[in-house]
Structure formats: C-alpha cells, structure tokens
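Here's the structure we're looking at; comments come further down.
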Amino acid sequence: MMFASRIFTGHQWLENKEISIENGHISAISSGSGASTENFLVPGFIDLQIYGGGGILFSNHQTTDSIQATFNEHHKTGTVAFQITLNCSPAASMWKAIDAYKNYKGEGLVGLHLEGPFFNPVKKGAHNEAFVQKPSLAFLEELIERTAGVPTYLTIAPEMFSSEELSMLLDSDIMCSLGHSDATYSQAMDAIQKGVSRITHLFNAMSQWQSRQLGLVGASFDSDAWTSVIADGLHCDYKSLELAYRLKKGRLFLITDAVTNDVSGPYSFLAKEGRFTNEAGVLSGSSLTMIEAIQNCVQKASIPLEEAIRMATVYPAEVANLDQLGSIEVGKRACFVELNSALEVQQVWYDGKALLN
C-alpha cells in the first residue's frame with residue numbers, strides 16, 4: 001500500500017489517497033493519511049516511437065539487449081511502456097526485429113513500431129532511401145503472418161498503396177499510421193475514411209498545409225485521426241505545437257522519437273548541440289525524454305498540465321489499445337510517476353515496484 005497526498009489519475013485530481021496493490025495491479029483507492037507533500041502521482045508514461053537507448057540503436061541491432069537498454073535508460077524519466085521502433089529497413093532486419101520482440105522477457109515493451117519500409121521516397125527524411133520498398137500483396141501477406149501475436153504499429157505512405165493492398169492491411173491486426181508521405185489531402189482523407197486512424201509525427205516528413213493544397217497536415221486537422229507530435233522545439237516550433245493542440249484537442253499525443261549515439265550499423269546518429277543528425281546533417285530522431293516533452297508542452301506551448309499528462313498517458317494507451325495502462329484506476333497496472341512542482345521525476349513505479357534509488 002502507498003499513500004499519495006495528490007494524484008492526477010489521467011481524468012481527475014484526488015487528494016489524500018491510499019493505493020492498494022496486489023499482483024502488480026491497483027486493487028483499491030481509498031481515503032488515507034500520511035505525510036503531506038507538494039509532489040504528486042501521475043500515470044506512467046507511454047512512448048509509441050522510440051528507437052533505442054544506452055548507445056544501442058534497435059535499427060542497427062535487432063536484439064533483446066537493445067530493447068532492454070531502451071527500457072533501462074528511459075524508465076528513469078518516467079516511461080514505463082514503449083513500442084521499440086525500427087527505422088526503414090530491409091526485410092531481413094524487419095524479421096529479426098519481430099523475433100527480438102517475441103524473445104524479449106524484460107519490462108516495458110508493449111509493441112513494435114515499424115517505421116517503413118512503405119514510404120514515399122521524397123519524404124524519407126533521415127531514413128535510408130535504399131531500404132524504401134513498394135508494397136506488394138506477397139510482402140504484406142508475409143508481414144501479417146510474421147507479426148501475428150505481436151502488437152505491430154506500421155507507418156505507411158498511403159499514396160504508395162493500391163486499394164487492395166491497403167485493404168489487406170486494414171483487415172489485419174496491424175495498427176496503421178500515415179507518415180513519411182507526400183499524400184494529397186484527398187489521398188490522406190481517403191485512407192483515414194477507410195480506417196487508418198493514426199498519423200505519425202505531425203509536420204515532419206509529410207505534405208504540408210498550404211493555401212491551395214492541404215496535404216497530410218491538413219488532413220490531420222480536418223479529421224479525428226490520432227496524431228503524434230515531437231515536442232522538442234526542433235521538429236516543430238512551440239507555437240506550432242500550441243496551435244496543433246488547439247486544433248487537435250483530445251487527439252494529439254506525445255512521442256519522443258528518441259534515438260541514441262550509435263554509428264555501428266546502417267543508421268549513424270550523432271549527438272551535437274542538443275540534437276541528433278545523420279552523416280548528411282539531416283535532423284534524425286531526437287534526444288527528447290517524455291518528461292521533457294510534458295515540460296515543453298506546459299512551459300513553452302501553453303498546454304494545460306492535465307492535458308500534457310494525458311498526451312503522454314491516456315491518449316497513447318487508447319491509440320495502442322493498452323487497456324491496462326494510461327490511467328490510475330482500480331484494476332489497472334500499478335505504473336506511476338511521482339513528480340515535484342517543477343515537473344521533475346522523483347520516483348517511478350512499475351507494477352507496484354519502485355525503480356529509482
């Protein structure tokens with residue numbers, strides 16, 4: 001049992017509560033008493049796009065050690081659940097990534113995000129164009145078969161797909177998201193209306209909202225599609241983040257897009273002056289943590305604290321169908337983050353176990 005003088009459950013504020021925990025789950029939340037503090041509890045953070053940690057990039061090393069290193073680094077800043085993410089890669093690397101997911105026995109992993117390979121090359125960003133592939137029914141069939149039982153999130157450019165190919169994906173358990181795309185507004189809206197309910201890293205590597213061409217950005221703002229955003233001030237200006245919040249209120253969620261220093265494989269990401277770039281100097285992933293993303297939302301983009309927390313908890317849980325995470329409620333997993341008044345992480349609990357010394 002643990003006492004908290006203040007809790008933001010993801011839905012409401014509670015005061016002076018005792019949380020009972022059994023088998024890693026919340027069994028009761030009841031009135032209690034204890035030492036009063038300005039610190040407060042929030043749900044554990046969920047990151048649906050993260051590439052590695054501790055100097056091991058999953059795109060270079062599709063191993064369980066890479067996944068473990070990611071959790072070891074990012075749980076320290078409040079992330080209790082994550083989708084390990086693979087940059088646009090050849091089929092052999094994709095199959096290794098799927099196997100690594102299946103073989104991982106550690107903590108935190110809730111899905112595999114395949115960012116590619118079905119991109120529009122003109123919007124490849126920092127991804128390796130040599131690995132971009134056109135979809136085919138045979139490839140998609142194999143992908144669906146291999147990912148059976150693996151919660152898989154796939155970023156695609158819809159304009160590269162035939163109706164039959166897109167239908168095959170939408171009839172599967174794969175969670176599709178639009179990104180790295182030069183789709184017109186009409187092409188994007190057609191995919192959304194057919195059932196693609198997610199969009200990857202708003203503003204980045206996608207067709208922009210212009211006066212006569214609304215692009216994928218315009219389709220995001222004109223739809224209920226869940227849309228992720230990288231709130232680091234580099235991938236989008238903080239004023240753009242604020243306006244996106246106003247337009248997508250309740251459907252915008254945070255990702256870190258975090259990479260790590262690793263030049264040991266096909267993807268070489270180097271940290272310099274607070275940002276990561278590839279060898280060509282193209283902005284490549286981020287050095288962001290989820291708590292920094294929340295701080296930036298509140299302190300630099302005028303987003304209310306409660307909404308910023310939901311963008312890192314409640315919303316990604318809904319996006320990825322994680323019904324045991326995302327909020328502090330009876331029956332859910334006992335995953336919490338303790339924050340102080342400066343929004344700094346003081347402690348992290350994973351299934352009721354405190355992780356920080």
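The values are calculated or read from the model by the stated rules, or taken from the named source; none is laboratory data. Model, not experiment: these values are computed from the prediction. Reconstructed Cβ throughout: ideal geometry from the backbone, glycine too, with neighbour counts over all protein chains shown. Heads up: the accessible areas ignore ligands, DNA and RNA and are worked out on the full protein's heavy atoms, side chains in. Shrake-Rupley method; radii C 1.70, N 1.55, O 1.52, S 1.80 Å.
Computed quantities for the displayed model
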{"item": "Matching residues in region 139-180 - criterion: being in a helix (DSSP H, G or I) and of a type in the set (Val, Ile, Thr)", "result": "Ile144"}
{"item": "In region 1-20, residue nearest to Ser228 (Cα to Cα) [restricted to those that are open to solvent by less than 50 Å² (accessible area, probe 1.4 Å) and touching a Gly at 6+ places or on another chain (Cβ under 9 Å)]", "result": "Gly10"}
{"item": "First in region 13-26 and on the phi > 0 side of the Ramachandran plot, second anywhere and at pLDDT 95 or above and open to solvent by 50 Å² or more (accessible area, probe 1.4 Å), Cβ under 7 Å, 6 or more apart", "result": "Gly24/Asp351"}
{"item": "Residue pairs meeting the criteria (Cβ under 9 Å; at least 6 apart or on separate chains; first farther than 16 Å from Ser163 by Cα and modelled with pLDDT of 95 or more, in region 173-195; second open to solvent by 70 Å² or more (accessible area, probe 1.4 Å) and among the aliphatic types (A, V, I, L, M))", "result": "Asp182/Val122"}
{"item": "Residues of region 125-163 satisfying the condition of being acidic (Asp, Glu), surrounded by 13 or more Cβ atoms within 10 Å (Cβ to Cβ) and closer than 19 Å to Asp182 by Cβ", "result": "Glu159"}
{"item": "Residue in region 1-22 that is farthest from Glu307 (Cα to Cα), counting only those that are modelled with pLDDT of 95 or more and of a type in the set (Phe, Trp, Tyr)", "result": "Trp13"}
{"item": "Qualifying residue in region 86-96 (condition: touching a residue at least 40 places away in the same chain (Cβ under 8 Å) and within 16 Å of the chain's Cα centre (by Cα))", "result": "yes"}
{"item": "Check on Glu73, in contact (Cβ under 8 Å) with a residue 40 or more places away in the chain, surrounded by fewer than 24 Cβ atoms within 10 Å (Cβ to Cβ), in a helix (DSSP H, G or I) and out of contact with any Cys (no Cβ under 6 Å at 6 or more places or on another chain)", "result": "yes"}
{"item": "Residue match in region 106-123 (condition: of a type in the set (Phe, Trp, Tyr), touching a residue at least 40 places away in the same chain (Cβ under 8 Å), outside any helix (DSSP H, G or I) and buried (at least 16 other Cβ atoms within 10 Å of the Cβ))", "result": "yes"}
{"item": "Cβ pairs under 9 Å, 6+ apart, first in region 138-165 and of a type in the set (Lys, Arg), second open to solvent by less than 10 Å² (accessible area, probe 1.4 Å) and not in a strand (DSSP E or B)", "result": "Arg146/Met94; Arg146/Ile98"}
{"item": "Filter result for Ile98 (assigned to a helix (DSSP H, G or I), modelled with pLDDT of 95 or more, out of contact with any Ser or Thr (no Cβ under 8 Å at 6 or more places or on another chain) and open to solvent by less than 10 Å² (accessible area, probe 1.4 Å))", "result": "no"}
{"item": "Criterion (aromatic (Phe, Trp, Tyr) and over 24 Å from Gly195 (Cα atoms)) met by exactly one of Phe118, Phe131", "result": "Phe131"}
{"item": "Single residue of region 335-346 satisfying the filter (in contact with an Asp or Glu (Cβ under 9 Å, 6 or more places away or on another chain) and open to solvent by 30 Å² or more (accessible area, probe 1.4 Å)) that is farthest from Ala28 (Cα to Cα)", "result": "Ser341"}
{"item": "Condition met for Leu166 (open to solvent by less than 50 Å² (accessible area, probe 1.4 Å) and within 22 Å of Cys88 (Cα to Cα))", "result": "yes"}
{"item": "The one condition in (1) at pLDDT 95 or above; (2) open to solvent by 10 Å² or more (accessible area, probe 1.4 Å); (3) under 30 Å from Ser93 (Cα atoms) that Lys332 fails to fulfil", "result": "(3)"}
{"item": "Exclusive hit being open to solvent by less than 10 Å² (accessible area, probe 1.4 Å), assigned to a loop (DSSP other than H, G, I, E, B) and of a type in the set (S, T, N, Q), set Ser66, Ser59, Ser33", "result": "Ser59"}
